[in-house]
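The values are calculated or read from the model by the stated rules, or taken from the named source; none is laboratory data. In this text, all values refer to a predicted model and were calculated from it rather than measured experimentally. Note that each Cβ is placed from the backbone with ideal geometry, even for glycine, and that neighbours are counted across all protein chains shown. These area figures cover heavy atoms from the full protein model, side chains too; ligands, DNA and RNA do not enter into them. Shrake-Rupley method; radii C 1.70, N 1.55, O 1.52, S 1.80 Å.
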Amino acid sequence: MKAVREVMENLSPSLIEHLSFASAVEDCLRNAASRGGFKVKFKCQCSEESLDNMSSVEKILLYRLIQECCTNVCKHAQASELKVNIDSAKTDTPQETYCLRIVDDAKVWM
């Protein structure tokens with residue numbers, strides 16, 4: 001049962017529903033840093049209000065994208081630092097648009 005709960009929590013994290021989206025991302029990054037042995041720098045330059053206006057599906061998709069990037073860094077990058085930045089993008093559309101930037105100092109493979 002514990003393994004099933006863990007899988008379900010990873011697929012649809014309850015933190016997104018109970019805390020702010022940014023707090024859920026911070027928790028995800030903290031866990032990944034602990035697993036991967038790297039430092040994390042997280043900056044969210046969007047207002048909580050704009051992030052709260054995202055649908056639950058959008059929040060989960062964005063969270064899962066960040067989570068998968070962290071998993072890839074843990075498995076393959078041998079990075080010592082991961083930087084994650086979420087910002088509002090300037091567009092001509094009435095919908096809020098976000099820019100997600102994830103950068104690591106991965107080992108170069110040859």
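Placing pseudo-labels 7 Å out from each Cα toward the beta carbon at Met1 and Lys39 gives an inter-label distance of 4.2 nm. Shown here for region 16-110: chymotrypsin sites (Phe, Trp or Tyr not before Pro) in loop regions (DSSP other than H, G, I, E, B) with at most 11 other Cβ atoms within 10 Å, namely Trp109. Can you give me the % of accessible surface on the chain that is carbon or sulfur? Probe 1.4 Å, all protein chains present, nothing else counted. Whole-percent figure for carbon plus sulfur exposure: 53.
Calculated accessible area for the chain comes out at 68 Å² per residue, all protein chains present (probe 1.4 Å; ligands, DNA, RNA ignored). Shown is the FRET efficiency for Thr71 and His18, computed with R0 = 22 Å from the Cβ-Cβ distance and rounded to the nearest 0.05: 0.45.
Taking Cβ atoms as reference points and 12 Å as the exclusive limit, the residues near Gln78 contribute a net charge of -1, counting Lys and Arg as +1 and Asp and Glu as -1. Exposed loop sites are taken as trypsin sites (Lys or Arg not before Pro) in a DSSP loop (any state but H, G, I, E or B) with at most 12 other beta carbon atoms within 10 Å; the longest stretch of the chain without one runs 1-89. Matching the structure-derived semi-axes √(5λ) of the Cα gyration tensor in Å against the labelled list (i) 80, 9, 7; (ii) 24, 20, 11; (iii) 25, 16, 11 gives the label (ii).
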